[in-house]
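Enquirer: Next up is a structure, given as structure tokens.
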Amino acid sequence: MGAINPVVDLAADGDIAVLSVNHPPVNALSQQVRAGILAGVRQAIGDPAVRAIVLICDGKTFIAGADITEFGKPLQPPSLVEVEDAIEGSGKPVVAAIHGTALGGGLEVALCCHYRVAVPSAKCGLPEVNLGLLPGAGGTQRLPRLVGVEQALDMVTSGKHVDAKAALAAGLVDELAPEGALRASAIAFARKVVAEHRPLRRVRDQDDKLAAARDKPEIFEGFRKANAKKFRGFLAPEYNIQAIEAAVGKSFDDGLAVERKLFSELMAGTQSAAQRHVFFAERAVWKVPDVPDETPTIPIKSVGIIGAGTMGGGIAMNFANIGVPITIVETKQDALDRGLGVVRKNYERSTKSGRLTMADVDRRMQLFTGTLELDKLADCDLVIEAVFENMDIKKDVFGRLDRIVKPGAILATNTSALDINQIATAVTRPEAVIGLHFFSPANVMRLVEVVRARSTSKSVIATSMQLAKKIGKIAALVGVCPGFVGNRILYARSQQANAMLMEGAMPWDIDKAIYDFGLPMGPFAMSDLAGLDIGWIPEKSKSSTIREVLCEQNRRGQKTGAGFYDYDEQRNAKPSPVTEQIIKDFAARSGRPQRQISGQEILERCLYAQINEGAKILEEKIAIRPSDIDVVWINGYGWPVYRGGPMFYADTVGLSQVVKKLEEYGPLLGKDFTISPLLRQLAADGKRFQDMK
Ligand SMILES: NC(=O)c1ccc[n+]([C@@H]2O[C@H](COP(=O)([O-])OP(=O)(O)OC[C@H]3O[C@@H](n4cnc5c(N)ncnc54)[C@H](O)[C@@H]3O)[C@@H](O)[C@H]2O)c1
């Protein structure tokens, strides 16, 4: 007994062998861990003094998954399955002792043990689906044998963890151990198993929970139907379901073969590659090359918000959620009351789903101070301006803030598109000015574009990124340009969509192509949702655009029951003959030849124009890296995760193909359209955005 290798140790506690893994930070199943467990189990089995084995981990957690850095590389033996077979096939009982999180391959290993003991704070889960995969080491076959088909379906397709108490109730865990006494409890449990001559309980041999679901295809069909919207376009949830169907319908070994086949398909496919890309992109996005981790940050103990409209209220909720007091300023009492009323209503809605109690709501609302006086912001550590999108108003607000707010505080704007460098000229401390561009609804949407202006200090940047993380957002640091990263790319798409209306496509044709590609909605449905009258001034309206005509006819989007589409009471959209006529009249007057536009052309023009704009953004160093653009479009605009973001998608299409198509469309793309030199260069070099360093 003793060290098996640098990460696995075998110790004796009387007649119980304790095999412990120590591979920080999360005891991931690296080659060494696999080899160490295999050798340790074999040694314990071969040792006549050993009656049972406990598998336990040092550090903060049980094995928390595969070693993701080994993905896509040739596997170094032993395979995980070899390790599992050794454990499950052991003639001596093996007990998994679980603390922290038993995730993915970690839980699959635990499922091969004959018994599982866990502390109450432990969690178990199979999150492979989030990487576009399924548990490929028996997880889909063993889990339903322990917890039943319904719960297994839920766990593998959501990737969610269950806590130890729920795991005990479900049969996934056999006994709870007192917190802090896991090792001793697991050893005692193992001794009890030996003393009572309990049978070796191999999960592969259990059948009663599967039998309950046999000949009931409605369980699977019902589950698919109930989740159709959530799973739309994703392969991995469907494959996970099929693997569990195989568990029910086939022998264990045949089911395992199905699982393996489905796993290999997913692993080799584009979707999983895209989802793994997103996983790493969402970690990389926090790193700012010239703002190192040790940059001093400013403690944010109170926040001021100016404007209690759509954005101000939603932004404020993020801070109330983490217990930070907010002072919110409006110009008129009724606007303030309305704004705070909306916040309360939003919170109260969360009580219906059980996420908050009324006491939680009251506690959060108590953190709000409403006022009509800007002076009340004097002591705030951070002020976020969310007033009307108007440069003069914003400069006026910043000029006044400059005189009121204490030195050292951050002065942020939520502008969607205005020049923050210009806003910063209104203050004597431009280093304090930054953009915090939240997305609507700001209490829900995960993305924040943190916009670095010319003079923004590193400490203001570091604090903003850290704060975004604290309120549960994902932040991308971007530079100043019209629309920043997200809306600038959106605008490039809108231009193509609008141009195609003049060439013969209808809004619903364009929306359908974009929806079918995987986005939650197309550009025209999105406009109807946002309201067509944003920035529209009735007195100045001259029927000069389709949008103006629609607004003039009071077709201002969903809120008026009509926009590009007609809406019924439940806000279901229907193509509108009125809109169609308006578009046809415009197209006739423009003299553009009309033709049938294919779904493929719609997609290529919309998406490739976006990619081209993304390349320009990189050229201008508005975004730090291509994957940041992907993070923005996934979290701010609902780009399908399984396509990895627009820049990753471009790589899968091939950049030379993108350039070739843009050249073919040529003049159709607009008289000001130019192909990004960076995109051309990468294409010419046979490179991908992912290869940029
Ligand atoms: N709505 C969106 O989807 C969205 C998304 C991202 C960013 N933004 C940006 O957020 C900002 C606010 O947009 P919104 O949609 O919340 O607008 P809104 O019209 O809903 O709210 C603006 C609020 O600011 C108040 N206000 C105006 N001047 C003020 C002043 N001097 N002092 C105090 N309060 C004042 C108004 O009374 C109003 O309640 C704009 O810059 C907008 O471009 C909006």
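The values are calculated or read from the model by the stated rules, or taken from the named source; none is laboratory data. Bear in mind that the values here come from a model prediction, so they are computed numbers and not experimental data. Neighbour counts are summed over all protein chains in view; Cβ atoms, including those assigned to glycine, are modelled from backbone coordinates with ideal geometry. All accessible areas refer to the heavy atoms of the entire protein, side chains included, with ligands and DNA or RNA removed. Shrake-Rupley method; radii C 1.70, N 1.55, O 1.52, S 1.80 Å.
Enquirer: Only residues of the range 1-34 count here: report those whose backbone N is under 15 Å from the spot 7 Å along Cα→Cβ of GLU82, or say none.
Expert: 30-34
Enquirer: Same structure again: Using the scaling law 2.2 N^0.38 Å as the reference, what is the normalised Cα Rg of the chain?
Expert: Dividing the Cα radius of gyration by 2.2 N^0.38 Å gives 1.09.
Enquirer: On to the next question. Please give the calculated 222 nm ellipticity per residue for the chain, where each DSSP H segment of at least 4 residues contributes -39500 (n - 2.57) and the sum is spread over every residue; nearest 500 deg cm²/dmol?
Expert: Helix-only estimate at 222 nm: -14500 deg cm²/dmol.
Enquirer: Separate question: In degrees from 0 to 90, rounded to the nearest 10, what is the angle of the helix 486-503 Cα long axis to the longest principal axis of the chain?
Expert: It is inclined by approximately 60 degrees.
Enquirer: How tilted is helix 458-470 with respect to the longest principal axis of the chain? Cα atoms for both, answer in degrees (0 to 90, nearest 10).
Expert: 60 degrees
Enquirer: Indicate, rounded to the nearest 5 percent, the antiparallel portion of the DSSP beta bridges found entirely in the chain.
Expert: 35 percent
Enquirer: While we're on this one: Compute the semi-axes of the equivalent ellipsoid of the range 269-326, taking the square root of 5 times each eigenvalue of the Cα gyration tensor, and list them largest first in whole Å.
Expert: Gyration-tensor ellipsoid for the range 269-326: 32, 20, 10 Å.
Enquirer: I've got another one for you. Across all directions of projection, what mean area in square nanometres is found for the Cα convex hull of the range 556-645?
Expert: Reported value for the Cα convex hull: 8.8 nm².
Enquirer: Along Cα→Cβ, 7 Å out, is where each label goes; now give me the distance between the ones at ASN390 and ILE322 in nm to one decimal.
Expert: If labels sit at ASN390 and ILE322, their model points lie 3.3 nm apart.
Enquirer: Sort out for me the Cα centre separation of the range 7-83 from the range 394-442, rounded to whole Å.
Expert: Going from one Cα centre to the other spans 54 Å.
Enquirer: Using the Cα centre as the reference, give the magnitude of the dipole from point charges on the C-beta atoms of the range 365-474 (Lys, Arg: +1; Asp, Glu: -1; all else neutral), rounded to the nearest 20 debye.
Expert: I would put it at about 420 debye.
Enquirer: Under a crude label model (7 Å from the Cα following the beta-carbon direction), how far is THR674 from ALA588 in nanometres?
Expert: Calculated label separation equals 3.9 nm.
Enquirer: As an exercise, identify the trypsin sites (Lys or Arg not before Pro) in the range 312-359 lying in DSSP coil whose Cβ has no more than 16 other Cβ atoms within 10 Å.
Expert: LYS332, ARG355
Enquirer: So what's the range 238-380 giving for Cα Rg divided by 2.2 N^0.38 Å, two decimals?
Expert: Taking N as the residue count of the range 238-380, the ratio is 1.69.
Enquirer: While we're here: Given the range 198-303 reduced to its alpha-carbon atoms as identical point scatterers, what log10 I(q)/I(0) does the Debye formula return at q = 0.12 Å⁻¹?
Expert: -0.66
Enquirer: Now for a different question. Classify the range 583-693: rounded, prolate or oblate, from the alpha-carbon gyration tensor (a ≥ b ≥ c, eigenvalue square roots; a/c under 1.5 rounded; otherwise prolate if a/b is larger than b/c)?
Expert: Prolate is the answer for the range 583-693, as a/c is 1.5 or above and a/b outweighs b/c.
Enquirer: Convex hull over the alpha-carbon atoms of the range 379-519: what's its volume per residue in Å³?
Expert: It is 123 Å³ per residue.
Enquirer: Which value, in Å to one decimal place, does the Kirkwood hydrodynamic radius take for the range 2-66 when every pair of different Cα atoms is included?
Expert: 11.6 Å
Enquirer: Kindly state, to the nearest 0.05, the FRET efficiency for LYS165 paired with ALA12, given R0 = 45 Å and r defined as their beta-carbon distance.
Expert: Efficiency computed from Cβ-Cβ geometry: 0.90.
Enquirer: Right, next: Each residue of the range 13-20 in order: what ³J(HN,Hα) in whole Hz does its phi give by Karplus 6.51 cos²θ - 1.76 cosθ + 1.60, θ = phi - 60°, with x for Gly and Pro?
Expert: 10, x, 9, 10, 8, 10, 9, 10
Enquirer: Now for a separate question. Strictly over 20 Å apart at the Cα level, which of LYS332/LYS406; LYS229/LYS512; LYS287/LYS473; LYS301/LYS394; LYS216/LYS250 would you flag in this model?
Expert: LYS332/LYS406; LYS301/LYS394
Enquirer: Across the range 158-164, in residue order, what do the Karplus-derived ³J(HN,Hα) couplings come to in whole Hz, using 6.51 cos²θ - 1.76 cosθ + 1.60 with θ = phi - 60° and x for Gly and Pro?
Expert: With coefficients 6.51, -1.76 and 1.60, one gets 9, x, 6, 7, 10, 7, 4 Hz.
Enquirer: Over the Cα atoms, compute the radius of gyration (one decimal) and Dmax (the largest Cα-Cα distance, rounded to a whole number) for the range 562-610, in Å.
Expert: 14.1, 38
Enquirer: Set Lys and Arg Cβ to +1 and Asp and Glu Cβ to -1, take the dipole of the chain about its Cα centre, and tell me which of ALA273, ALA316, VAL54 lies farthest positive.
Expert: ALA316
Enquirer: Follow-up. Please determine, in degrees from 0 to 90 and to the nearest 10, the orientation of helix 31-46 with respect to the longest principal axis defined by the Cα atoms of the chain, where the helix direction is its Cα long axis.
Expert: Approximately 20 degrees, to the nearest 10.
Enquirer: For the chain, what is the relative contact order in percent, using Cα pairs closer than 8 Å and at least 6 residues apart in sequence?
Expert: 9 percent
Enquirer: Next question. How high is the relative contact order of the range 30-85, in percent, with contacts defined as C-alpha pairs under 8 Å that are six or more residues apart?
Expert: 63 percent
Enquirer: So the label point goes 7 Å from the Cα of GLN657 along Cα→C-beta, right? Which residues of the range 592-611 then have their backbone N under 19 Å from it?
Expert: Under cut-off, by backbone N: 598-611.
Enquirer: Taking the alpha-carbon centroid of each part, what is the distance from the range 497-549 to the range 630-693 in angstrom?
Expert: The distance from the Cα centre of the range 497-549 to that of the range 630-693 comes to 23 Å.
Enquirer: Would you please classify the overall shape of the range 24-117 from the alpha carbon gyration tensor, given that a ≥ b ≥ c denote the square roots of the eigenvalues, rounded means a/c under 1.5, and beyond that prolate means a/b larger than b/c while oblate covers the rest?
Expert: Oblate is the answer for the range 24-117, as a/c is 1.5 or above yet b/c matches or exceeds a/b.
Enquirer: Work out how much length ALA378 to ASN554 would gain on full extension: take 0.36 nm times their residue separation and subtract the Cα-Cα distance, in nm to one decimal.
Expert: Taking 0.36 nm per residue and subtracting the Cα distance, the gain is 59.0 nm.
Enquirer: Please report how far the C-alpha centroid of the range 145-190 lies from that of the range 247-299, rounded to the nearest whole angstrom.
Expert: If we compute the Cα centre of each part, the gap is 24 Å.
Enquirer: Also, I was wondering about something else. Suppose the chain between THR351 and ASP402 were pulled fully straight at 0.36 nm per residue; how much longer would it get relative to their current alpha carbon spacing?
Expert: 14.4 nm
Enquirer: How much of the accessible area of the chain, probe 1.4 Å, is carbon plus sulfur, in whole percent?
Expert: For the chain, the apolar C and S fraction of the accessible surface comes to 54 percent.
Enquirer: Follow-up question, since we're still on this one. With a cap of 15 neighbouring Cβ atoms within 10 Å, and only residues DSSP puts in a loop, list the chymotrypsin sites (Phe, Trp or Tyr not before Pro) found in the range 49-134.
Expert: PHE71
Enquirer: Restricting to DSSP loop positions (anything but H, G, I, E, B) with no more than 15 other Cβ atoms inside 10 Å of their own Cβ, which GluC sites (Glu not before Pro) remain in the range 197-239?
Expert: Passing sites in the range 197-239 do not exist.
Enquirer: Each label point is 7 Å from the Cα along the Cα-to-Cβ direction; what then is the distance between the points at ARG283 and VAL444, in nm?
Expert: According to this spin-label approximation, the distance is 3.0 nm.
Enquirer: Taking just the C-alpha trace of the range 586-634, give me its Rg and Dmax in Å.
Expert: Both quantities, over Cα of the range 586-634: 15.7, 44 Å.
Enquirer: Considering only protein heavy atoms, what per residue accessible area in square angstrom results for the chain with a 1.4 angstrom probe?
Expert: Computed with neighbouring chains in place, this is 43 Å² per residue.
Enquirer: Follow-up. Please give the peptides 631-638, 527-534, 159-166 ranked by average Cβ packing (other Cβ atoms within 10 Å per residue), highest first, as a rough proxy for protection.
Expert: 631-638, 527-534, 159-166
Enquirer: Please list the three semi-axes, largest first and in whole Å, of the ellipsoid equivalent to the range 438-497, using sqrt of 5 times the eigenvalues of its alpha carbon gyration tensor.
Expert: The answer is 23, 16, 6 Å, longest axis first.
Enquirer: Report the charge-dipole magnitude of the chain in Debye, nearest 20, computed about the Cα centre from +1 at each Lys and Arg Cβ and -1 at each Asp and Glu Cβ.
Expert: The calculated dipole for the chain is roughly 500 debye.
Enquirer: Another question, if that's okay. What translational diffusion coefficient, to the nearest whole µm²/s, does the range 163-241 have by Stokes-Einstein, given a Kirkwood radius computed over alpha-carbon pairs, a temperature of 37 °C and 0.692 mPa s viscosity?
Expert: Using the Kirkwood radius from Cα pairs, D works out to 201 µm²/s.
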